[in-house]
1. Going through L81, L67, L87 one at a time, which residue ends up being under 22 Å from G241 (Cβ atoms) and within 18 Å of the chain's Cα centre (by Cα)?
2. So which of A200, A177 ends up being more than 21 Å from W133 (Cα to Cα) and modelled with pLDDT under 85?
3. When you scan segment 129-137, do you find a residue that is assigned to a helix (DSSP H, G or I), over 16 Å from M238 (Cα atoms) and not acidic (D, E), even just one?
4. For the list (1) at pLDDT 90 or above; (2) under 16 Å from the mean Cα position of the chain (by Cα), I need the number of the one condition that L226 fails.
5. Please give the helices (runs of 4 or more DSSP H) falling wholly within segment 167-273 in which 1 or more residues are within 16 Å of T73 (Cα to Cα) and open to solvent by less than 30 Å² (accessible area, probe 1.4 Å).
6. Exactly one condition in (1) modelled with pLDDT of 90 or more; (2) part of a loop (DSSP other than H, G, I, E, B) is false for S55; which is it?
7. Are any residues in segment 271-296 within 30 Å of V187 (Cβ to Cβ) and modelled with pLDDT of 75 or more, and if so, which ones?
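The values are calculated or read from the model by the stated rules, or taken from the named source; none is laboratory data. It should be emphasised that the depicted structure is a prediction, and the values quoted were computed from it without experimental measurement. Using ideal geometry, Cβ is built from the backbone for each residue, glycine included, and neighbour counts are taken over all protein chains shown. Note: areas computed on protein heavy atoms with side chains; ligands, DNA, RNA excluded. Shrake-Rupley method; radii C 1.70, N 1.55, O 1.52, S 1.80 Å.
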Amino acid sequence: MPNHKNRRVGDGFFHGLTLLAALVMLGVVIIIALQLVKGSQPAYARFGLGFIMGSRWDPVHGQFGSLPLIYGTIVSSLIALLIAVPLSLGIAVYLAELAPSRLRGPVSFLVELLAAIPSVVYGLWGIFVLVPWIRTTVEPLLHRFLGWLPFFQGNFYGFGMLAAGVILAIMIIPTIAAVSREVLLAVPNTQREAMLALGATRWETIKMAVLPYGRSGLLGAVILGLGRAVGETMAVTMVIGNRPQISPSVFELGQTIASIIANEFSEAFDDLHLAALVMAGLVLFTVTLLLNVVARLLVWRTARIAGGAGKE
């Protein structure tokens, strides 16, 4: 009887400790949000919601509009997704469905190793290797064959939206690939066996049984990668060109919310400028938080579906 009572006390203590840890993290998020709201009040009082729609960022004359920054953040992230999603899903399918056991561990390790490289290292590599290659090879090639589109017109800087998108793609591949691999591994073997029993090939089984079953989880992986791309700072700052403008061409220079905060926060010379940067951070915080919440809900949904099918 005493042992049973001690176990209940221990369970209660452990439950309280883990609850405290969860509440601490929730409290940190709330404190960050409140501090951003408080710090952005002067900018909100001056510009209101016009801060989001304004297109001029001029600290000297006290004019702040974040639309070019939002545009740069969205465009660079979308370019990253267009490059990273096919590669990441291909890696995930290979590791989960096709790779021999002796290769799964090493290849998974090498892919996930990309996530351990500091972003400033990516930025340096981008400046000395990626940007010259884009300027001399990729942009002239795209302009030659697709120059009739407004997306591939303009000067060949090397720096710009395209370089930022490529760097972001390399940085988010480990995230999307790792989560997608876990989603595919969670698909019950009964799905595969049923398709194979009907005479389907390996590719048809993956296409018609495995990928549809894990669709929500794969979408969650993509959104997690998007959240990482939206908030990336140093690597993007070093290759995007840092010019707040809206241009349809991916060759042009641009700027993101994260990059302008990194560039100007330490040199903000008045309260309004500082408040505008904090308000830009609040916009970025809100977008990233929403993306991660949506992604987590999708992953949980996939896990519940897989668990229910496994019990059946």
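1. Unique residue meeting the criteria: L81.
2. After ruling out the rest, the residue left standing is A200.
3. Checked segment 129-137: at least one residue is assigned to a helix (DSSP H, G or I), over 16 Å from M238 (Cα atoms) and not acidic (D, E).
4. So L226 meets the others, but not (1).
5. 215-231, 234-239, 257-264
6. Condition not satisfied by S55: (1).
7. T288, L289, L290, V293
A quick yes/no check of all residues on (1) touching a strand residue (DSSP E or B) at 6+ places or on another chain (Cβ under 9 Å); (2) small (G, A, S):
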| site | (1), (2) |
| --- | --- |
| T18 | no, no |
| I32 | no, no |
| S40 | no, yes |
| L49 | no, no |
| G54 | yes, yes |
| W57 | yes, no |
| F64 | yes, no |
| S76 | yes, yes |
